[in-house]
Amino acid sequence: MKRSVSTTERDDGTLVRDALAGDRRAFDLLVLRHGDMLFNLCFRMLGDYDEASDCAQDAFIRAYRALGSFRGEAAFPTWLYRIAVNTCRNRLASAEYRRYRKAVRLEGTGADDTLLPANGRASFSNPTARFEREERETVIQRALDGLPPDEKTVAVLRDIEGRSYEEIAMLTGMRPGTVMSRLARARRRLRSKLEGIV
């Protein structure tokens, strides 16, 4: 007797086809499957929990609306990543976002502005070790936040997400040589910002 495939065992391509055929649960499963990955990318690019959450949600909305244009030439997560990267880049470039970040830095205590969300942190039994790690992550995130948007994008995708130069070029629409030069500039800036601190 043939066993039916459960919805959690369907691959991304099948879920996309099912979603296009009107199965709303199929797209929900794609969101569940890729939501953490997308949120983590948005958080690293934006440096703020609420902004990252909004941006990840916007990226999924854009993906849902554009689902008919997904041709399967790249893997679904890669296609989704590109949407998220562009959504974050647009947010970073917007005057409203820049004003928001400036207000957060001026008004906030600084303690909660750029910490990784709880589900992204390693669990430490030693409170001192946990505090030191959180402080280090805060300093690194603030240094990333100080980079120009394109440099921040390539630094996050290469040095945090571990993407190849070719993937970054595909995700951002930049030429590979441009990716390499922006990454070199970003690393120089980060080194000077973090020298003696991290």
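Of Met174, Met37, Met45, Met180, which has the most accessible area and how do the rest follow, probe 1.4 Å? Before the final figure, lay out each step's value.
Working: Met174 20, Met37 50, Met45 0, Met180 100 Å².
Ranking Met174, Met37, Met45, Met180 by accessible area, largest first, yields Met180, Met37, Met174, Met45.
With every protein chain left in place, what is the accessible area of Thr128 in Å² (1.4 Å probe, nearest 10)?
80
Using a 1.4 angstrom probe on the protein heavy atoms only, could you order Tyr64, Tyr165 from most to least accessible area?
Numbers: Tyr64 110, Tyr165 60 Å².
From most exposed to least exposed: Tyr64, Tyr165.
What do you reckon, how do Phe76, Phe131 stack up by accessible area (1.4 Å probe), largest on top? It would help to have the intermediate numbers written out before the result.
Details: Phe76 10, Phe131 120 Å².
These residues rank, largest area first, as Phe131, Phe76.
Can you send over the solvent-accessible area of Thr87, 1.4 Å probe, protein chains only, in Å² to the nearest 10?
In the full protein context, Thr87 sits at about 10 Å².
Solvent-accessible area of Asp50, probe 1.4 Å, all protein chains present, reported in Å² to the nearest ten, please.
About 100 Å², rounded to the nearest 10.
The values are calculated or read from the model by the stated rules, or taken from the named source; none is laboratory data. Not measured: the values here are computed from a predicted model. Surface accessibility is based on the protein's heavy atoms, side chains included, excluding ligands, DNA and RNA. Shrake-Rupley method; radii C 1.70, N 1.55, O 1.52, S 1.80 Å.
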